[in-house]
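The values are calculated or read from the model by the stated rules, or taken from the named source; none is laboratory data. Just so it is clear, the model here is predicted, and its values are computed rather than measured. Cβ atoms come from the backbone with ideal geometry, glycine included; neighbour counts cover every protein chain shown.
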Amino acid sequence: MTISGEVPAIVECKSLVPGSRIDVETKSRHYFIECLGGNQIKISGHPQLCPNPKAGWLQGSVDHEGLFDSGIITPGKRLVFFLNDSGPVTTSKILTVHVDEAPAPSDPHPW
């Protein structure tokens, strides 16, 4: 079963099942993130840096005063991520976050 919805609060990628997808709309772009486990991600949405899904990891969110939320996507702050072939990327302000959570893997031995 897939859980979908607008998320008014924070999203922690490492707490999501691998395969979950996060749709992040910022002031200037629309990013599509696939959670791979922990803070490892595949991300697309930037026309020069990641027009197609690219491996990287989620660093977190930062506000205009420099306060940092490690590993968390927070609306109203800026998303910070690393791509495997470049340094940190900081986006414009996050407007909305939408999560499509992948189903949890079933236990092959339910005893």
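Of the candidates Gly76, Gly87, Gly60, the single residue that is on the phi > 0 side of the Ramachandran plot and either in contact (Cβ under 8 Å) with a residue 24 or more places away in the chain or out of contact with any Gly (no Cβ under 9 Å at 6 or more places or on another chain) (or both) is Gly76. Number of residues in the range 6-35 that are surrounded by fewer than 17 Cβ atoms within 10 Å (Cβ to Cβ) and either basic (Lys, Arg) or within 10 Å of the chain's Cα centre (by Cα) (or both) equals 5.
Note on the range 84-109: among residues that are in a loop (DSSP other than H, G, I, E, B) and more than 21 Å from Gly19 (Cβ to Cβ), the one that is modelled with the lowest pLDDT is His109.
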